[in-house]
Structures are given as structure tokens and as C-alpha cells.
Amino acid sequence: MTRPPSADTLVWVGYCRAGFERDLARELVDRLGGEVIEATENAGYVRVCAATNEVRFRVAVQDLTFARQLILTREAAVQLISNDRVTPIVDALQAFMVLHGIDHVVDCRVEYPDTNDGKALSRAAKAIEPRLRERLAANHQLVGHAKFRAMVFLTPDKQARIGLADLHLSANDPLGIPRFRMPPDAPSRSTLKLAEAIHVFLGSGQDEAMQPDMRAVDLGAAPGGWTWQLMQRGLRVTAVDNGALKGDLVDNAMVKHLRTDGFRYAPTVPVDWLVCDMVEQPARIATLVAKWLANGWARYAIFNLKLPMKKRHEEVARCREIIGEAMEEAGKSYILQLKQLYHDREEITGFVMLPNRKARFAHHLAAHHLAASDEARRVGRPAPTGRKTGGDHARVAASAFSASPNTTLNTSSPSASVAAKKPALNLSSTLPRAAASPWSAKPLPKQKKRR
């Protein structure tokens, strides 16, 4: 920074995978403004000075590619040097809330970086959090209808960053990491990657988006981790890979294994889902996925992009542009989101959806509203509901999603591109299937060869 921030300066703290600090810092500056204060390599978090000194959350963590969690803190940290670590944290939190006119919070969390040094703080975090919650409850500052969650972020230098997280726009999982157990029958650990992608991108609507007997294609399937995940959800899978499948996938009636190149394979009928986890240049994978969606071969796609060691930010933008241009040229409405998941390493995962015009998108489909519903159920409040006519839903859909470079909602024509927050699927209606379901498949028209 050009000059050190003052003690009361508001600072964004973003969690990320160790090694991706610079990528997250650049993304936060691009999205939120301000300047980078701290982006130490392999620290697992970054700090970026807020552009204004108001507690105002404008970006959902779901809309950031490299962020696991995003909280707003003050620059002055609490030094954890005495035996009583709770009292100075409580005093600093209350001063922070009074300064910004916040009377109540819905809950509190004490977290730390997801690194080896950070995990050494887990014991301290588990000891501080319940005592902090007791103190806030004794002060009548915990209420179920509050907008914010109190956050304490411990760092290896024996400091605590005190701040807040917007309940609707922050990650609901501790440390921003959803936890999954490795299924004993799965052929590889890559099945956890697809399980997390389904959880993150589809949320509570995953059972509607992945209905039994839907048809899917898995490009680069071997040894079968992603195919196994789809099969467990009742989908009929065409596994495309020259390599062998393992375990229960061999000679399985739900799986058809084709030993061919994933880049050369083309379906004879449209399918509901395309998944792809091939080790290849990200731009080439983006082009492949774009071809499938633009040609109408699939309606949903989840895919993995292996990022280069340098210029990751530029590569992500390039892949987004490849998919966007292909969809707009084909006149397709689409939703696109790119996210680095916990089970991703030097890679990110993408999700593309071609929404059916009859799909009833509404304000409660936005990710922040879905998170609010989940939290409302947790604290005993009814989740927001409502029914609208088809025309109302079309209008609400366009207004519900605010600008986000990470998630794109193109709603009408090639020239109409609307930015959007992460959508979720309507939980109160039957999600329309893709153009061709497994039992009503129509052959695709033959493509004319280009001269």
C-alpha cells in the first residue's frame, strides 16, 4: 500500500487454498477495489483494504473463483498474549459492532487458515468459540433474525482479526470447506471432487437436477470416480475413456464404457449431463464444453480446468470468454460459474447450465437467499417461500441476480448478457428435463461437414 492503514480501517479477509493468495488478492481488488495489505505465499488467506469505511457486503463468496470465505474486519488486531483470550476478543467485537451500528449477530465462529501452521490453532479455536458464544448470549447479542455472523480469524502470529460475515453472502461451512467422507466402494478419490461440485453449484436442488434415469456422458472417465458418483444418483452414464474402469462400474447395466478419445466422441442423441475431468490445456477443455452446450448435446455440464503455474487469473478469464462467445454465437441462454473447490488442487471446476424457458427462476433461487433459508432452518425460522406466475418468474429472474464476473446469466439473445449471482434450482417445482431424456431421446440432426 502507499501508506499503512489506520486501526479502524475496514479490511477484507479472504480464505483460499495455500499457494493461490495472489490470485485471490487480485480478484478481490478487481471486484471490491482497495489495495492489497497482505498476500503472503502459502499463508492460506489474504487481506485487502476496503474501498469504503462502511460495513457493506456487495459480493457473495460463491461469486468469487478463488475464495472459500470472505469476512470484513478492522485493521487493528487483538494480541493473544494473556491467559484470558476471550475478554479482549469480546471487547474488540463489541467496539466494532457499536462503531458500525450493529446490535446483534446470529452466531459466532472462530476460524484459522487451512495450512499446517493454521491447523495448529484449531485447539485454541475450539476452546474460544463456545466461551465467546456464551458471552454474546449473556449480553443478549445473539438473535436468530440478525443479518451478520461474528467472525474471529486466528493467525499463526498470535493475533485475532475481529470482524463480521454477511449471513446471506458468506460460506455456511466452517472455514468455507464442505466435508465429505470417501465412499469405500468408489474407484478413486476424484469422486469427492464431483460430489463437492454438485453440492456447491446445485445446493439443495441437486436431487431435481440429477433425477434417476437421466442420461450423462463422462469424458475422460477412467478409473471411474465421476461415473461412480453419477451412477449412485441413478443416472445412466456413457463413460468415454481408452483406460479401464474399476470396481462396480465393470459390466454394470447403468454404465456403458466406450474406449475412444473424449475429444473425438460425439453423442448420437442429446443427453442431460456432461462431466469432464481430463488432463488437458484449460482452453481446450473450455472449447470442448462450449461445443457440447452450443450444439445442444447436453443441458448441464460440470468440468475441470487444470490451471497453469503462472497467469492463472488470465487463463480463467480466457476460458470464460471461450464459453461465453460460443454460447452467444449459438444464441443460447446460459449460466456459467467457475470455482476452486476444496478438492481441487492446481485447478478449478466449472458449471454450465442451459436453463429451460419454463424453469421458474425466482428471487429465492439466488445463492444468498438459499443460504439464508438453510440458516433460517438451523435457527428455527421458516424458510422464505412463494409462488409466482411464469411471467413474474421471468421478470424476477432478471432482477434477482446482481453483477458478478464469476457467474454469468445470459437470458435471451446473443446480445443480451446479464451478470448474475450464483443461482440455485427451484426447490418447490419439478425441474424440466433436458431436451431429450433417456426414454424420449431424439437423434440429433446430422452435422454438415465444413469444406
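The values are calculated or read from the model by the stated rules, or taken from the named source; none is laboratory data. All values reported here derive from a predicted model rather than from experimental measurement. In this analysis, Cβ positions are derived from the backbone assuming ideal geometry, glycine residues included, and neighbour counts consider all displayed protein chains.
Residue-wise test of (1) under 28 Å from GLY19 (Cα atoms); (2) at pLDDT 95 or above.
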{"site": "TRP292", "(1), (2)": "no, yes"}
{"site": "ARG318", "(1), (2)": "yes, yes"}
{"site": "GLU321", "(1), (2)": "yes, yes"}
{"site": "GLU329", "(1), (2)": "no, no"}
Completion exercise
Only unsatisfied item for ARG22, checking (1) assigned by TED's automatic domain parsing to the domain that holds ALA77; (2) assigned to a loop (DSSP other than H, G, I, E, B), is (2)
Practice task
Please enumerate the residues belonging to the range 25-41 that are touching a strand residue (DSSP E or B) at 6+ places or on another chain (Cβ under 6 Å), part of a loop (DSSP other than H, G, I, E, B) and not small (Gly, Ala, Ser).
Solution key: GLU35
Problem - Residues of the range 236-279 that turn out to be touching a residue at least 60 places away in the same chain (Cβ under 8 Å), in contact with a Gly (Cβ under 8 Å, 6 or more places away or on another chain) and assigned to a loop (DSSP other than H, G, I, E, B), as a count - result: 2
Handout entry: Considering residues of the range 218-245 that are farther than 10 Å from HIS257 by Cα and of a type in the set (A, V, I, L, M, F, W, C) only, the residue surrounded by the fewest Cβ atoms within 10 Å (Cβ to Cβ)
Key = MET231
Exercise for the section: Give the residue that is surrounded by the fewest Cβ atoms within 10 Å (Cβ to Cβ), with candidates limited to residues of the range 42-63 that are assigned to a loop (DSSP other than H, G, I, E, B), modelled with pLDDT under 95 and not β-branched (Val, Ile, Thr). Expected result: GLU54
Practice task
State all residues of the range 282-336 that are of a type in the set (S, T, N, Q), in a loop (DSSP other than H, G, I, E, B) and under 22 Å from the mean Cα position of the chain (by Cα); if no residue qualifies, say none.
Solution key: SER333
Practice task
Search the range 132-161 for residues that are on the phi > 0 side of the Ramachandran plot and pair each with any residue that is part of a helix (DSSP H, G or I) when their beta-carbon atoms are under 9 Å apart and the residues are at least 6 apart or on different chains.
Solution key: none
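In the range 337-355, how many residues are outside any strand (DSSP E or B), of a type outside the set (Asp, Glu) and in contact with an Asp or Glu (Cβ under 9 Å, 6 or more places away or on another chain)? Can you show your working first?
Within the range 337-355, the subset outside any strand (DSSP E or B) is 340-346, 354-355.
Retained after the next criterion (residues that are of a type outside the set (Asp, Glu)): 340-343, 345, 354-355.
In the following step, the residues that additionally are in contact with an Asp or Glu (Cβ under 9 Å, 6 or more places away or on another chain) were identified as 340-343.
Here the count works out to 4.
Could we say that PHE201 is part of a helix (DSSP H, G or I) and at pLDDT 90 or above here?
yes
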Exercise for the section: Check whether at least one residue in the range 125-143 is among the basic types (Lys, Arg) and within 20 Å of LEU10 (Cα to Cα), and report yes or no. Expected result: no
Completion exercise
How many residues of the range 14-41 are surrounded by 24 or more Cβ atoms within 10 Å (Cβ to Cβ) and within 17 Å of ALA76 (Cα to Cα)? The answer is 1
